[in-house]
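Engineer: This is the structure I have questions about; it appears just below.
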Amino acid sequence: MPIGLLLVQALNGLQLGILLFLVAAGLTLVFGVMHFINLAHGVQYMLGAYLGATLAAWTGSFWLGLVLALPAALLCGLVLEVAVFRHLYGRDHLSQVLATFGVILFLNEAVRTLWGSAPLPMAMPESLSGGIPLMPGLLYPTYRLAIIAAGLATALLLWFLVERTRLGMLVRAGASNAPMVSALGVDIGRLFTAVFGFGAMLAGFAGVLAGPIFSVEPGMGDNLLILAFVVIVIGGIGSIRGAFLAALLVGLLDTLGRSLLPELMRLFLAPSPARQAGAALASMLVYVVMAAILALRPAGLFPARGA
Amino acid sequence: MADGAAPTAAGPAARLSRDGLPLLLFALLAAAPFAGFGDGASLTLMARAMILALAATGLWLLVGGAGLISLGHAATLGCGAYAVAILDAHGITEGAIVFPVAILGAGLFAFLTGAVSLRTSGVHFIMITLAFGQMAFFTAASLAAYGGDDGYTLYGRTEFLGGRLLESRLVFHFVCLGALALVWALCRAVLASRFGRVLRATRENPLRVQAVGFSPYPYRLAAYTLAGMTGGLAGALLANATEFVSPAILAWQRSGDLLFAVILGGLGRLHGAMLGAFAFLLLEETLSHVTAHWRLLFGPLLVLAVIFLPGGLVGGLVGGRRKPGGPA
Amino acid sequence: MSAPLLALRDLRKHFGGLAVTDGVSLEVRPGEIHAVIGPNGAGKTTLIHQISGTLRPDSGQVRFLGEDVTALPFARRVRRGLARTFQITSILPGFSALENAALAVQARSGSSFRFLRPAAAEAGLNREALAALAAVGLAHRAAVPAGTLSHGEKRQLELAIAIATRPRLLLLDEPLAGAGAEETERLIGILGRLRAEYGILLVEHDMRAVFALADRISVLAQGRLVTTGTTGEIRAHPEVRAAYLGEDEMA
């Protein structure tokens, strides 16, 4: 495979990893603080994409759409938290899984009812629609590079919030010892709501970013959600740093696997079976790596402190 | 008391009262084709219900029996269904080969993924079973030789000794019923056995199980494999019911449906899984007649059921417990 | 003197910078009740965890029946005859008292990979389970769901389960914790009878019970063994007297 194509695939992988991180970060924080397993986190990514696409179409501007979609996604997260999730914190994981599964069924169908089953088009901003030459004769879409940059900036911001602010300190403390944080006079319910809304907004942000390059359609969040689960399982539940590194690892593995493995198989097999075997192996790759990592380190690569 | 947890062997009368509901259910299903439900649509629906019930019963072994919340059970149905499809594509339709391959294939898949998943517990376990289910889904979708995303249409239903027995809807009805009754009876026996006692104990208190000298892992893995084998059987029947196999069978939402069926029925008794599966399909049928967007109603119903009906249809659980299971 | 059942050799465990077990060596002989006492945070429960195998020591050796078991997991040690009870009662609340004990009998009698025959109908298992219940005076409650037993009865049941594993040595982690006065009397009586058959390592806060039951006492403080001696020696030990035992408890 030519080096240029490899570079493109690596960047694509990085970009997928960034989106995964934005979804996984909220998921891992929510789990870390509330021990709440939220399958519906993926629909918040989908809602973000729909809100972004719709608002961008209304206002005629991607940027306005993005700016308006973030508070809208936050609001959706808060409404869900108050209406459903709040009643599930004290319950077992089984109840949480099922109830959030019900939320997924409802919201996927609601989106289908409101917007139809067909993918929703979303234009990327004019200023980022071009390409940047990586090497002579090889352009890489500016927008995808912008996603990577935006994701890295968000990761930095998140790191700062969690490690360097009072709120972050409470979140970390709440993760390891909720009763103690309550004893300090902090309203743990409010803290949960805040973390939840923030996580929903991060997922929504990822959704808006993904809108112009992936198809905005019902159920788009489900696959990403499961990959995000893989990410936090590999990274260690509750760990932002683990989620970041694991997200990049999963994004790169998945993308590179899909382009490289069929090529690799051609060394051993005829073109057609090579393509098939390669595709089958590529779709298993991420999960096999997850299994291998778990076999060696059941708690993930970077288990959260105190957990 | 969970099935078979009574300290002394139950007499025939006691057994009838304990197992009355499932036995009545089997009798009703056996009579249904001759009592006005012999038309194609009814038989199709009942076959779907019985297959779902079969898969749910296997899953109950994990959730209700061992306290393991698997969100990847549909993958084992997929293994069974794809075993039928792949053998069909190579001209093998003999049931004496197809069914064992489907069951053992699904069991092998469950054994291998379970060996990794069971190293973890709690929420990790849920996520990992979900992830392995998704792996199976994408793998199935990448099998271009067997239809890939579009699925694969069988040349015909599985045969037995060259006879095209399953072509008859009525025969198929009784094959499904027989399989369901057999799996229920087997799971019931397993839960009451030495093995089942260890399993039920690991659900209630894994530390206690170790403190008497058992390592829970091999028992959990065996249960996971057994559940996978029932899933394989259900998948093989499902492939025959629809004569069509596609990745949709092992979509992760199907695993969610199965889990919901189990919980809807309740973790108090094994036959809760069957009741839950029937109720689930009935609900789906009814709602889908009301509106095409029936999931708009179904989703909130699920949420409400979880919040307000923690014991499921057969009850047996005190509401709002933190731990799945508890005294069964 | 007969060979010790249990011998700890220079056991050490650190949590971060804190030494919770700091070079502990002690022995439990057959037929003896060896009590371990000490103030809260002395590392008593951590020590029990390391002996039973629920926690791995950083260094040192746990020898049981003359063999090094330091690397064996919890369940394997139980199968060798090293049973324990827990500070917080650990039973199977949904099982009957009999089935709680029968599970322990099952663990040491034949394979449990038997899938079809009802375990509840195995007369052999039930007979031995009932004997274990009888040994702690709980036979009349055999059919009752364990979760509905009184606190004291649950403590008795936990002892019965431990006995049903057919142990050589019992590790008892505060068996009297939470028991009322009457229950305490009953439990002390039961423990006194058990000493004839099993070696017992007893961690307990109730000094009256410790001095009534123990043959020898080890005093633990900040992870270190202060001293080991007969009840009389411990009673007279000035350092122990001053630091760890109230005068009134010595009376």
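Engineer: List the residues whose amide H sits under 5 Å from the amide H of C:GLU32, counting only those 5 or more places along or on another chain, with H placed 1.01 Å from N in the peptide plane.
Structural biologist: It is C:ILE200, by chain and number.
Engineer: Still on this model: How far apart, in nm, are the 7 Å Cα→Cβ label points at B:PHE308 and A:ILE148?
Structural biologist: Here the modelled spin labels are 5.2 nm apart.
Engineer: In what sequence, highest mean first, do A:233-243, B:162-172 appear when ranked by Cβ atoms within 10 angstrom?
Structural biologist: Most protected by this proxy first, the peptides run A:233-243, B:162-172.
Engineer: Can you give the calculated 222 nm mean residue ellipticity of chain B, where each DSSP H run of n ≥ 4 adds -39,500 (n - 2.57) and the sum is split over every residue, rounded to the nearest 500 deg cm²/dmol?
Structural biologist: Theoretical 222 nm ellipticity from helices: -22500 deg cm²/dmol.
Engineer: Turning to a different aspect of this structure: Tell me, what are the semi-axes, in whole angstrom and largest first, of the equivalent ellipsoid of region B:39-251 as set by the roots of 5 times the Cα gyration tensor eigenvalues?
Structural biologist: 31, 19, 13
Engineer: Can you give me the % of accessible surface on region A:3-296 that is carbon or sulfur? Probe 1.4 Å, all protein chains present, nothing else counted.
Structural biologist: Answer for region A:3-296 is 72 percent, counting heavy atoms of protein chains only.
Engineer: Can I ask one more? What does the structure give for A:142-151 when I average, per residue, the other chain Cβ atoms found within 10 Å of the residue Cβ?
Structural biologist: Average neighbour count from other chains, rounded to a whole number: 0.
Engineer: Please report the projected area of the protein assembly as shown's Cα convex hull averaged over all directions, in nm². Don't skip to the answer; put the middle values down first.
Structural biologist: Details: hull surface 166.7 nm².
Value for the protein assembly as shown: 41.7 nm².
Engineer: Another question, then. For peptide B:257-270, how many partner chain Cβ atoms fall within 10 Å of a residue's Cβ, on average?
Structural biologist: The shielding value for this peptide is 1.
Engineer: Using only the alpha carbon atoms of region C:51-197, find the Kirkwood hydrodynamic radius as the inverse mean reciprocal pair distance, in angstroms to one decimal.
Structural biologist: One decimal place: 16.0 Å for the Kirkwood radius.
Engineer: Also, I was wondering about something else. Give me the inter-chain shielding for C:95-104: mean count of other chain Cβ atoms within 10 Å, whole number please.
Structural biologist: Whole-number average of other-chain Cβ neighbours for C:95-104 is 5.
Engineer: Can you tell me which of C:217-226, B:125-134 comes out highest on packing, and rank the rest after it, using the mean Cβ neighbours within 10 Å? Spell out each step's value before the answer.
Structural biologist: Working: C:217-226: 21.1, B:125-134: 26.2.
Per-residue Cβ counts within 10 Å, averaged per peptide and sorted highest first, yield B:125-134, C:217-226.
Engineer: Using r as the Cβ-Cβ distance of C:ARG63 and A:ASN223, and R0 as 56 Å, what FRET efficiency do you calculate, to the nearest 0.05?
Structural biologist: 0.55
Engineer: Just to be sure I understand: if you take the accessible area of chain B alone plus chain C alone and subtract the pair, with a 1.4 Å probe, what total do you get in Å², rounded to 100?
Structural biologist: For chain B against chain C, roughly 3200 Å² becomes buried.
Engineer: Looking at chain A, do any whole DSSP H helices span at least 24 angstrom along their long axis by alpha carbon and average 0.0 or above on Kyte-Doolittle, and which?
Structural biologist: A:3-34, A:41-59, A:62-83, A:93-115, A:142-164, A:188-210, A:240-265, A:271-296
Engineer: If you don't mind, another one. How long is the gain from C:ASN40 to C:GLU182 if the chain were fully straight, where each residue apart is worth 0.36 nm and the alpha carbon distance is subtracted?
Structural biologist: 48.7 nm
Engineer: Another question, then. If you line up the long axis of helix B:272-290 against the longest principal axis of chain B, both from Cα atoms, how many degrees apart are they, to the nearest 10?
Structural biologist: 50
Engineer: Right, next: Rounded to the nearest 10 degrees, what's the angle between the helix B:95-117 long axis and the longest principal axis of chain B, both from Cα atoms, 0 to 90?
Structural biologist: Tilt relative to chain B: about 40 degrees.
Engineer: Give the relative contact order (percent, whole number) for region A:3-296; include only Cα pairs under 8 Å separated by 6+ residues.
Structural biologist: The value is 36 percent.
Engineer: Quick one: go through region B:240-270 and flag any residue whose amide nitrogen is under 16 Å from the point 7 Å out along the Cα-to-Cβ line of B:ASP150.
Structural biologist: Of the residues in region B:240-270, B:244-248 have backbone N under 16 Å from the label point off B:ASP150.
Engineer: Could you work out the helix-only [θ] at 222 nm for chain C, with each DSSP H run of four or more residues adding -39,500 (n - 2.57) and the total divided by the number of residues, to the nearest 500 deg cm²/dmol?
Structural biologist: So the calculated ellipticity at 222 nm is -10500 deg cm²/dmol.
Engineer: So for the pair C:GLU197, B:PHE37, with labels modelled 7 Å out along Cα→Cβ, what separation do we get in nm?
Structural biologist: 5.5
Engineer: I'd like to check one number: the per residue accessible area of region A:3-296, probe 1.4 Å, reported in Å² as a whole number.
Structural biologist: 39
Engineer: Pick from A:GLY278, A:GLY32, A:GLY199: which residue has the top mean-square fluctuation in a GNM of chain A where Cα pairs under 10 Å get a spring?
Structural biologist: In the Gaussian network model the winner is A:GLY278.
Engineer: Excluding B:THR129 itself, what net charge comes from residues whose Cβ is under 14 Å from its Cβ, given Lys and Arg +1 and Asp and Glu -1?
Structural biologist: +3
Engineer: Given a 1.4 Å probe, show me the residues in region B:284-299 buried by at least 40 Å² of accessible surface when comparing the whole protein assembly to the chain alone.
Structural biologist: Buried by the other chains: B:HIS293, B:ARG295, B:LEU296.
Engineer: Enter the buried accessible area of the B/A pair, total of both sides, probe 1.4 Å, in Å² rounded to the nearest 100.
Structural biologist: Interface area, both chains combined: 4200 Å², rounded to the nearest 100.
Engineer: Can you give me the distance in nm between label points at B:GLN253 and A:ALA299, each placed 7 Å from the Cα along the Cα-to-Cβ direction?
Structural biologist: 3.8
Engineer: If the chain between C:VAL144 and C:LEU55 were fully stretched, how many nm would it gain, using 0.36 nm times the residue separation less the Cα-Cα distance?
Structural biologist: Between C:VAL144 and C:LEU55, full extension yields an extra 28.7 nm.
Engineer: At 0.36 nm per residue, minus the direct Cα-Cα distance, what do A:THR165 and A:ARG241 gain on full extension? Give it in nm, one decimal, please.
Structural biologist: Taking A:THR165 through A:ARG241 to full extension adds about 25.7 nm, to one decimal.
Engineer: Then there's this: For region B:39-251, with every protein chain kept in place, what is the accessible area per residue (1.4 Å probe, Å²)?
Structural biologist: 29
Engineer: Something else about it: Only residues of region A:187-204 count here: report those whose backbone N is under 15 Å from the spot 7 Å along Cα→Cβ of A:LEU78, or say none.
Structural biologist: Backbone N within reach: A:190-202.
Engineer: Now a separate question. Order the peptides B:90-100, B:188-198 from the highest to the lowest mean number of other Cβ atoms within 10 Å of their residues.
Structural biologist: My ranking of the peptides, most packed first, is B:188-198, B:90-100.
Engineer: Would you mind telling me the share, in percent, of accessible area of region B:39-251 contributed by carbon and sulfur at probe 1.4 angstrom?
Structural biologist: Within region B:39-251, the accessible surface is 70 percent carbon and sulfur.
Engineer: Quick test of the membrane-span-like rule: which DSSP H helices of chain C reach at least 24 Å along their long axis (C-alpha atoms) with mean Kyte hydropathy at least -1.0?
Structural biologist: Correct list, ordered by number: empty.
Engineer: Averaging sequence separations of C-alpha pairs under 8 Å and six or more residues apart, then dividing by the length of region B:39-251, give the relative contact order as a whole percent.
Structural biologist: Values: 344 pairs, mean separation 93.9, N = 213.
Relative CO of region B:39-251 lands at 44 percent.
Engineer: Given just the C-alpha atoms of region C:21-128, how large is their convex hull per residue in cubic angstrom?
Structural biologist: Working: hull volume 16.1 nm³, N = 108.
Dividing the Cα hull volume of region C:21-128 by its residues yields 149 Å³.
Engineer: Pick out, from B:PHE132, B:THR153, B:THR120, the residue whose Cα sits farthest towards the positive end of the charge dipole of chain B, with +1 on the Cβ of Lys and Arg and -1 on the Cβ of Asp and Glu.
Structural biologist: B:THR120
Engineer: Another one. Using Cα atoms only, what is the angle between the long axis of helix B:169-192 and the major principal axis of chain B, expressed in degrees (0 to 90) to the nearest 10?
Structural biologist: 20
Engineer: To the nearest 0.05, how large is the calculated FRET efficiency for A:LEU6 and A:LEU64 if R₀ is 35 Å and r is the Cβ-Cβ distance?
Structural biologist: Efficiency for this residue pair is about 0.40.
The values are calculated or read from the model by the stated rules, or taken from the named source; none is laboratory data. Every value quoted in this text rests on a predicted model; they were computed, and no experiment measured them. Here the Cβ is made from the backbone with ideal geometry for all residues, glycine too, and neighbour counts use every protein chain on show. All accessible areas refer to the heavy atoms of the entire protein, side chains included, with ligands and DNA or RNA removed. Shrake-Rupley method; radii C 1.70, N 1.55, O 1.52, S 1.80 Å.
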